[in-house]
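Each remark here refers to the structure printed beneath this line.
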Protein chains: 2
Amino acid sequence: MTPRARANVEAMATGTSTTAEHLRSALDGPWRAVREQARTQLAGEEFTDDPELDIHAARARVLEQMRVIATMGYPERGFRPENGGTGDPGGAVTGLEMLAYTDLSLWVKSGVQWGLFGGAVENLGTERHRDFIKRLISLDLLGCFAMTESGHGSDVSDLETTATYDLATQEFVINTPTPSARKDYIGGAAHHARMAAVFAQLIVGGESKGVHCLLVPIRDELGADLPGVTTFDDGLKGGLPGVDNGRIVFDHVRIPRENLLNRYADVSPDGLYTSEIENPSRRFFTTLGTLVRGRVSVGGAAAAGARVALSIAVRYALARRQFADPDTGEETLLMDYRSHQRRLLPLVAKSFALAFAQNDLVRRMDLIQRGQDTEPSSQRALEKRAAGLKVAQTRHATRAIQECREACGGAGYLTENRLVTLKADTDVFTTFEGDNVVLTQLVAKELLTAYSDEVRDLDALGWVRFAATMAGDVVRKRSGVRQLIQTLRDRNDESVDEGDLSKRDVQLQLFADREDYLLRTAAHRLRARAADTGPFEAFNNAQDHILAAGTAHIDRLVLEEFVDGIAEIEDPDAKALAETVCDLYVYASLEENLAWYIMHRFMSVERAKAVRRGVNELVDRLRPDALTLVEAMGVPESMLRAEMLHDASVFDRR
Amino acid sequence: MTPRARANVEAMATGTSTTAEHLRSALDGPWRAVREQARTQLAGEEFTDDPELDIHAARARVLEQMRVIATMGYPERGFRPENGGTGDPGGAVTGLEMLAYTDLSLWVKSGVQWGLFGGAVENLGTERHRDFIKRLISLDLLGCFAMTESGHGSDVSDLETTATYDLATQEFVINTPTPSARKDYIGGAAHHARMAAVFAQLIVGGESKGVHCLLVPIRDELGADLPGVTTFDDGLKGGLPGVDNGRIVFDHVRIPRENLLNRYADVSPDGLYTSEIENPSRRFFTTLGTLVRGRVSVGGAAAAGARVALSIAVRYALARRQFADPDTGEETLLMDYRSHQRRLLPLVAKSFALAFAQNDLVRRMDLIQRGQDTEPSSQRALEKRAAGLKVAQTRHATRAIQECREACGGAGYLTENRLVTLKADTDVFTTFEGDNVVLTQLVAKELLTAYSDEVRDLDALGWVRFAATMAGDVVRKRSGVRQLIQTLRDRNDESVDEGDLSKRDVQLQLFADREDYLLRTAAHRLRARAADTGPFEAFNNAQDHILAAGTAHIDRLVLEEFVDGIAEIEDPDAKALAETVCDLYVYASLEENLAWYIMHRFMSVERAKAVRRGVNELVDRLRPDALTLVEAMGVPESMLRAEMLHDASVFDRR
């Protein structure tokens, strides 16, 4: 090894700086102990993926890994003590999230078993299903979560699978009436699952009661499909080779009456349907609401994947050189190029922001699911926040990992350097647990309906009507949307420029202004159009506007959580660094929305130019701390597993 | 099948409309016959990939496919008649591009053999290498193109491999002096190649003569590494499983003197180095320039991959429904959602633009390589244009295929629907044949140096100095950059708004204005900074600005080619439709750069809002023609191979 190579390696190996330690502590959040334990427990080879395996071997390997995980206390956290768990919802999500650092197939398959299948039984079942929970925790019972159908993924309330109560035998008959009713993309359905939590239209006494969840055995102990059940393998996917996604078709499969998960509704032996929730739509959303942990988890795992990728790409950029600097004759580190700093550092900043936001989300979820926050509005707010952060984090992962791959050039394309696996595995995260477009729309609709329970159950027609009314309210309260717009436009450039853009309150105000303005104008636009066209036309015509409002809301939430997160950092160096990272997050976000800000007179042209310059100045300022920032993101070096970070061709140069 | 499903299928199967035929004819370009022949020849199962195969079987399959292709006249087009070819460079690129419709591994491996390895021997060799060409056309000789090293990919002139002339034996000694000198990512090096076209620093009489290319046998007939040669397998990659990329390390490997490809330089038996090109740097760039076909081809294949993905995603959106429309009770087609139209149709429009631009590029290349355009500036212009369009097309492919995957939801993630394979296979296209950032910079530098041959050879220091001078020229010619800026700023919103944005000349002017302004201000900025800081600092500080200038240039070129392409369409309906597609390309491009246009006073806020509305109006207007546009892109249905386009769960709905 040349002296220079040695110096490089030593520089990389001096260990985590104190500042990085403080920052990592802050980013680790309330379940830091869970994370620290996982960093030790999961670092070994036995938990990594093996990209050489075919899908059958990969799935078997992941299942074996789950059997080890099951002995380490991970699954129990997600269940109440009376069901054999330790009752630590936040710890459950955080612990499983750490699996994403080592292998996303392991994370997904564990999430399906303990989070989705287990969560359905835990949250929708009652005492009579308790034994299933004990068995699924220990993996004695392998299950799957059969909600999505080939024909209906986003529109879950229109699922076609039926569960018809047969009074004569006191059984439910599960059936797949059409090709599009086939259960599809179901993790575990291709091979390992013995039982499915099936979402189906419940039909009692010839009457449809809406979507309910029932436990349906699908395979015998030897793995053969049970009578009336036909499973198919979805085969190869873009990634996640260790997850056996498949399809299930039911041909009048009979299950005991007791297999209905009856927490919110039940059918008595003599065929009487009862529910404590009268409104069918509200019942359905209450059912779905209990499953929010899935959405919380997906966002967290996507963000974890992005942190791994950024850790790899930044470390590579701190070692890899290309083109001689004419000033010195030395070849230049990738990280010293302005373009490279601009590619990677804003994504690192966004990862910081999202980590704080995710910690806060998990904290909120934990309080509600432990029963410490029983405010009815909290659950509703949690669902909206989980949807929004799922979108933000999965979108970020897709973009960040792609950028990391490209920023590492040809080396980035080799599987041994892991970026392509991260990209392939996380790619579906923008789709599952709610398509990002649909979820963004959901967030925006929630905002527009001002969290009113009454309108949640409205169909599209009713919803547009409501939004129209609500816009009217806004008009009254604010002396008219038009006037509001006018007021905003009347701000001249000077006055907009008065606030110091480096001040946090000014930044927060800019984010809030964008959300506020987009929401109010969207409501107004819906109202104006709904009169002329049908409600679908009105809504569809404003769809890009509505989506922009949802995105603006998410951006504002994330910034607020970043600011809150910083407030809790005590070490002054760590705090100062976090403040600069927050500035970069703000400036980069503003830069992405620059056209909007100028067009709507929230920013003068001069200020817009200052934003662009500001991004450059901030990446310059953060350049010396690049390694500290990566260490703070908290992916241990032992879990990076990118060959190029140890390759002599990078470190041992002439 | 339900009546509705039947109607759907019939609607999809009525065959290509006349308008689509006319458009397709225009997009097919000058080598339409080659494309039409390939559509028939390559549609069969025998040319598809088989994603179930492991990499060893996949590589073997692709090699077998190449043996069939070799009998069909594809490779001969790329070589001159005296070398056993048919002398049709444009047909060679176009014919191979069609392979991208069926399998990108097949395209890459064919491109390596006949384009890169074959092209090196054809263009850098002389009569004494003629026999190699005949053998490589027929695949009697399998070769690879060993340029990139682990330590140097973008910075090719600093390759470390050495080829030292040994006067005593009249041989060259090929050596890998350092770990970073290892040849890497070389297609064919892992397994199939018997010979490598090795780029190495030529050392004669102890003096370095710069990078030259030599033919080095690397394996014997049984596939074993020859003495002194050690090959390694790069193993799994993000995609392209059928391509055996690998590494080569040379330990003083001796080859005959005649194996130097001696078109531009030779070494006599007694060790005298001669070249018709005196300047070593110019000699190097001349050498690289002859290899421009690779860059032309990569852009074309990436764009072809994007067309396949868009054909799949648009057809799926024309069949798949989700959420009932409250006006009709019918579920809504994905393609009827504004958000979906906005996701896909601007990408279709860009595909049209790039197809015209690529046709023009291939035409220019063909004229030069046939010797019909001997203007020295043409070759230089071709290289710049090829670099720019490589960037535009590979960037477009990465973005478009990602969007298509997400727009098809869970189905899009299944390998059987092909989008993930297209994504994985094309992902490295932004990297190979020139990293996109480096190439964009190259384009910008070329523009800044005003195509002056004298400065091409400058190092970074000299280049910055030159740019500074050139900025001075601009200042003189235009009475000062500052004044120019002032003039532009003095245009008030009204006067900017005078031109009708729907007029093509106004659109062209807006694109040209952006390029012009960015270039001039970049030159000015470099000049201003170079005095204060070192040249690297000056350049690096302006890097984002310089890259923006390069991108603006590429955007302008593409629009001009789109406009030229439309001019050649005779059918009035096809022409009218193409004009609307062009409008969408323009509006969507302007929308992406809206902040810039407003900030630099090229657009008023009102006009910027009109651009945003215009995108919505144009996707609305093009919605009924979505299928026509896809048919016009020219990927035959038989080559789409996405299971979901025939799935009963999509077509046979209740």
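Applying the condition of being within 13 Å of chain A (Cβ to nearest Cβ) and in a strand (DSSP E or B) to region B:225-247 and asking which residue is surrounded by the most Cβ atoms within 10 Å (Cβ to Cβ) yields B:N245.
Scanning region A:116-163 for residues that are in a helix (DSSP H, G or I), under 21 Å from the mean Cα position of the chain (by Cα) and away from every other protein chain (no Cβ under 14 Å) turns up A:L116, A:F117, A:G118, A:G119, A:A120, A:N123.
Considering only residues of region B:412-443 that are among the polar types (S, T, N, Q) and more than 7 Å from chain A (Cβ to nearest Cβ), which is surrounded by the most Cβ atoms within 10 Å (Cβ to Cβ)? Among those that are among the polar types (S, T, N, Q) and more than 7 Å from chain A (Cβ to nearest Cβ), it is B:T426. Of the helices (runs of 4 or more DSSP H) that lie entirely inside region A:329-437, those containing 2 or more residues that are of a type in the set (S, T, Y) and within 18 Å of A:L640 (Cα to Cα) span A:419-426.
So which residues in region B:147-177 are without any contact (Cβ under 8 Å) to a residue 40 or more places away in the chain, surrounded by fewer than 18 Cβ atoms within 10 Å (Cβ to Cβ) and either among the small types (G, A, S) or closer than 27 Å to B:G271 by Cβ (or both), if there are any at all? Within region B:147-177, B:D158, B:A168, B:P177 qualify. Screening the candidates B:A648, B:A642 for the property of being within 29 Å of the chain's Cα centre (by Cα) and of a type in the set (G, A, S) yields one hit, B:A642. Determine whether A:I186 is farther than 23 Å from B:G409 by Cα, assigned to a strand (DSSP E or B), among the β-branched types (V, I, T) and in contact (Cβ under 8 Å) with a residue 24 or more places away in the chain. So A:I186 fails the test.
Take B:E406 and tell me if it is in contact with a Gly (Cβ under 9 Å, 6 or more places away or on another chain) and within 10 Å of another protein chain (Cβ to nearest Cβ).
Judged against the criteria, B:E406 is a match.
Here B:R135 meets the list (1) over 23 Å from B:L202 (Cβ atoms); (2) in contact with a helix residue (DSSP H, G or I) (Cβ under 9 Å, 6 or more places away or on another chain) almost entirely, failing just condition (2). Please go through region B:76-109 and pick out each residue that is within 12 Å of B:D49 (Cβ to Cβ) and not aromatic (F, W, Y). If the condition is that a residue be within 12 Å of B:D49 (Cβ to Cβ) and not aromatic (F, W, Y), then B:L99, B:A100, B:T102, B:D103, B:L104, B:S105, B:L106, B:V108, B:K109 are the ones that fit. Residues that are within 21 Å of B:S339 (Cβ to Cβ), away from chain B (no Cβ under 14 Å) and part of a helix (DSSP H, G or I): does region A:583-593 have at least one? No, every residue in region A:583-593 fails to be within 21 Å of B:S339 (Cβ to Cβ), away from chain B (no Cβ under 14 Å) and part of a helix (DSSP H, G or I).
Checked against (1) under 23 Å from B:G187 (Cα atoms); (2) in a helix (DSSP H, G or I); (3) in contact with a helix residue (DSSP H, G or I) (Cβ under 6 Å, 6 or more places away or on another chain), B:P51 passes all but condition (2). Considering each residue of region B:197-206 in turn, at least one proves to be in the same structural domain as B:D270 (by TED's automatic domain parsing) and in a loop (DSSP other than H, G, I, E, B). If you go through region B:594-605 and pick out every residue that is more than 9 Å from chain A (Cβ to nearest Cβ) and surrounded by fewer than 22 Cβ atoms within 10 Å (Cβ to Cβ), you end up with 2.
Scanning region A:288-326 for residues that are touching a His at 6+ places or on another chain (Cβ under 8 Å) and within 13 Å of chain B (Cβ to nearest Cβ) yields a total of 2. Being in contact (Cβ under 8 Å) with a residue 12 or more places away in the chain, surrounded by 18 or more Cβ atoms within 10 Å (Cβ to Cβ), assigned by TED's automatic domain parsing to the domain that holds A:L272 and within 19 Å of A:A120 (Cβ to Cβ) is true of A:R219. Considering (1) touching a Ser or Thr at 6+ places or on another chain (Cβ under 7 Å); (2) facing another protein chain (nearest Cβ under 9 Å), the lone condition that B:D573 does not fulfil carries the number (2).
Of the numbered criteria (1) under 19 Å from B:V216 (Cβ atoms); (2) charged (D, E, K, R); (3) surrounded by fewer than 17 Cβ atoms within 10 Å (Cβ to Cβ), the one B:D270 fails is (1). The residue of region A:311-359 that is nearest to the chain's Cα centre (by Cα), among those that are surrounded by fewer than 21 Cβ atoms within 10 Å (Cβ to Cβ) and within 20 Å of A:R395 (Cβ to Cβ), is A:R343. Kindly establish whether B:V314 is touching a Phe, Trp or Tyr at 6+ places or on another chain (Cβ under 9 Å) and β-branched (V, I, T). No, not satisfied.
A:A193 passes every criterion in (1) farther than 14 Å from A:L159 by Cβ; (2) part of a strand (DSSP E or B) apart from (2).
For A:I69, the criteria (1) part of a helix (DSSP H, G or I); (2) away from chain B (no Cβ under 14 Å); (3) in contact (Cβ under 8 Å) with a residue 60 or more places away in the chain hold in every case but one, which is (3).
B:F285 satisfies every condition listed in (1) modelled with pLDDT under 95; (2) part of a loop (DSSP other than H, G, I, E, B); (3) not polar (S, T, N, Q) except (2).
The values are calculated or read from the model by the stated rules, or taken from the named source; none is laboratory data. Bear in mind the structure is a predicted one, so any value in this text is a computation, not a measurement. Neighbour counts are summed over all protein chains in view; Cβ atoms, including those assigned to glycine, are modelled from backbone coordinates with ideal geometry.
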